[in-house]
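Right, one structure below, let's go through it.
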Amino acid sequence: MSGSPPPPGGFVRRVGLFQATAINMSQMCGIGPFVTIPLMVAAFGGPQAVVGFVAGAVLALCDGLVWAELGAALPGSGGSYVYLRQAFQHRTGRLMPFLFVWTAMLFVPLIMSTGVVGFVQYLGYLAPGLDGTAGDLTGLGVIALVVFLLWRGIEHIARITAVMWTVMIASVVLVITAAATDFSPRLAFTYPAGAFDLTDGHFWTGFAAGLTIGIYDYLGYNTTAYMGAEIKDPGRVLPRSILFSILGIMAIYLLLQIGTLGVVDWHRMSDPGDIASTSVASAVLERTWGRGAADTVTVLILITAFASVFTGLLGGSRVPYDAARDRVFFRPYARLHPRHRFPTLGLATMGVITAAGFLVGRHTDLATLIQLLTTVMVIVQALAQIVALTVLRARRPALRRPYRMWLYPLPSLVAFVGWCVIYGYADRGSPGRHPIEWSLAWLALGCAAFLIWARLERVWPFGAKETGEARPAGLDPETV
């Protein structure tokens, strides 16, 4: 049955529905909306920026249905690695799963690094002198603390996550409530001339930028799919945790966005010298309930930011484990801690890359970091995984699927188009930064690493590794 224990010496299934949903929501919310509302307003040029969050929600929901079906059918540690390996092994052998793990080793830590950048931004509200070297050292210290706390068993981590989820909910509820006490419909719903002119190219440029920022804010709905080997009854819990977290965060974001725009004039968010451009939630609390309340809620937001980094590295560190165990990635990543049973090298590597990404974001800008991480993940994860769903439906119709996508294939088609829009816009959204070129360079480097790995393993890299009957480590026998 789907909740049966994994092989001896592997992961332990101890994460239930509430904890799984909390892990997803903590990773999704985190610092994201608190730092991207000004970016969204800048992209659209006014309070019509709420369109970006709605567009991001639609893309997240459609893509989440892809994750829900694949995660329920193939609940192994590593998420997309398992799905791509099962779908593409007959054509490209080990290449696609290897490249996914390779790219995930970059984009997962980059997502976490944006959370640390946001943490330092909001800490600057409490300590205005925190800039330059002091801010850099603070962020690096936060990353080190996260890795330290994750260096333990999953049962302890699940309890920590539940507490952090409670703090996250409290922080967003307080900001939404504060905004409601001094809400001005005039501020929230007075739009610039031509704000919704669909014939104007500026609207669609803003829409593409807003979609990129919006989906960044929803990223994390798939965190528990990376932990499929540690989820109780994954055929039921995985899809529900994904859908519940997306719908819950969508409601929170819309209330937060509209409430904030009804308190803080959107022009302030476009002024780099105004606190509303870096700590907009603190600005809301300061205006409505005073400085003391703003300081208190800022502390809660800092805890929320910490929680998002914590849960993100928790799920991401599991990505290379199955691949290495199945000899589709470098073998040292298959080692688990002898006592606490977590992947030590995966966690350590992602901690280091998170630190590097944080320093890049601190010394460029947050929008550039968001563009980079989204372009890196689009080709090998987002688009390839949608194709994998279609391939598995055709190639393995008898595969046990506890959940099947609603209205198939419409959601997957919408998700595919949405990710293509994000990728095509990337260079225009970060002029001079060339995120598309950087993503392709990382992919080319991954191909070189793949050939090096094949040489070390002494295997022919492009042949089919198996007939499709063998199951990846951590999968339950009845799911294949």
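Structure summary
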| read-out | value |
| --- | --- |
| When residues of the stretch 444-457 are limited to those that are among the hydrophobic types (A, V, I, L, M, F, W, C) and open to solvent by 40 Å² or more (accessible area, probe 1.4 Å), the one modelled with the lowest pLDDT | 456 |
| Residue within the stretch 210-220 that is crowded, with 20+ Cβ neighbours inside 10 Å and modelled with pLDDT under 85 present | yes |
| Test: residue in the stretch 397-412 that is part of a helix (DSSP H, G or I), at pLDDT 85 or above and open to solvent by 30 Å² or more (accessible area, probe 1.4 Å) | yes |
| Qualifying residue in the stretch 64-86 (condition: under 17 Å from the mean Cα position of the chain (by Cα), open to solvent by less than 10 Å² (accessible area, probe 1.4 Å), at pLDDT 85 or above and among the acidic types (Asp, Glu)) | no |
| Helices (runs of 4 or more DSSP H) completely within the stretch 173-288 that count 2 or more residues being under 28 Å from the mean Cα position of the chain (by Cα) | 201-218, 234-261, 266-269, 280-288 |
| Members of the stretch 61-86 found to be aliphatic (A, V, I, L, M) and outside any loop (DSSP other than H, G, I, E, B), listed by number | 61, 65, 66, 68, 70, 72, 73, 82, 84 |
| Residue that is closer than 30 Å to residue 75 by Cβ, without any contact (Cβ under 8 Å) to a residue 24 or more places away in the chain and charged (D, E, K, R), where the choices are 318, 335, 291, 268 | 335 |
| Test: residue in the stretch 357-364 that is within 18 Å of the chain's Cα centre (by Cα), among the hydroxyl-bearing types (Ser, Thr, Tyr) and within 18 Å of residue 213 (Cα to Cα) | no |
| Residues located in the stretch 104-142, provided they are within 18 Å of residue 294 (Cβ to Cβ) and in a helix (DSSP H, G or I) | 118, 119, 120, 121, 122, 123, 124, 125, 126 |
| Selection count where residues are in contact (Cβ under 8 Å) with a residue 60 or more places away in the chain and within 22 Å of residue 96 (Cα to Cα), scope the stretch 392-423 | 9 |
| Pair list, Cβ < 9 Å and 6+ apart or interchain, from the stretch 274-288 residues that are open to solvent by 10 Å² or more (accessible area, probe 1.4 Å) to residues that are assigned to a helix (DSSP H, G or I) and among the acidic types (Asp, Glu) | 275/286; 286/295 |
| Some residue of the stretch 195-209 being among the charged types (D, E, K, R), modelled with pLDDT of 80 or more and on the phi < 0 side of the Ramachandran plot | yes |
| Residue under evaluation residue 387, criteria (1) open to solvent by 10 Å² or more (accessible area, probe 1.4 Å); (2) assigned to a loop (DSSP other than H, G, I, E, B), criterion not met | (2) |
| Yes/no for residue 289 being among the aromatic types (Phe, Trp, Tyr) and farther than 15 Å from residue 34 by Cα | yes |
| Verdict on residue 60 being within 18 Å of the chain's Cα centre (by Cα) and of a type outside the set (Ser, Thr, Tyr) | yes |
| Among the candidates 364, 344, residue that is hydroxyl-bearing (Ser, Thr, Tyr), modelled with pLDDT under 90 and within 27 Å of residue 38 (Cα to Cα) | 364 |
| Given (1) more than 25 Å from residue 323 (Cα to Cα); (2) at pLDDT 90 or above, index of the condition residue 427 fails | (2) |
| First in the stretch 171-190 and touching a residue at least 60 places away in the same chain (Cβ under 8 Å), second anywhere and charged (D, E, K, R) and surrounded by fewer than 20 Cβ atoms within 10 Å (Cβ to Cβ), Cβ under 9 Å, 6 or more apart | 178/287; 182/287; 187/265 |
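The values are calculated or read from the model by the stated rules, or taken from the named source; none is laboratory data. No experiment lies behind these values; they were computed from the predicted model shown. Positions of Cβ are backbone-derived with ideal geometry, glycine not excepted, and every protein chain shown enters the neighbour counts. Just so you know, the surface numbers come from the protein's heavy atoms only, side chains and all, with ligands and any DNA or RNA stripped out. Shrake-Rupley method; radii C 1.70, N 1.55, O 1.52, S 1.80 Å.
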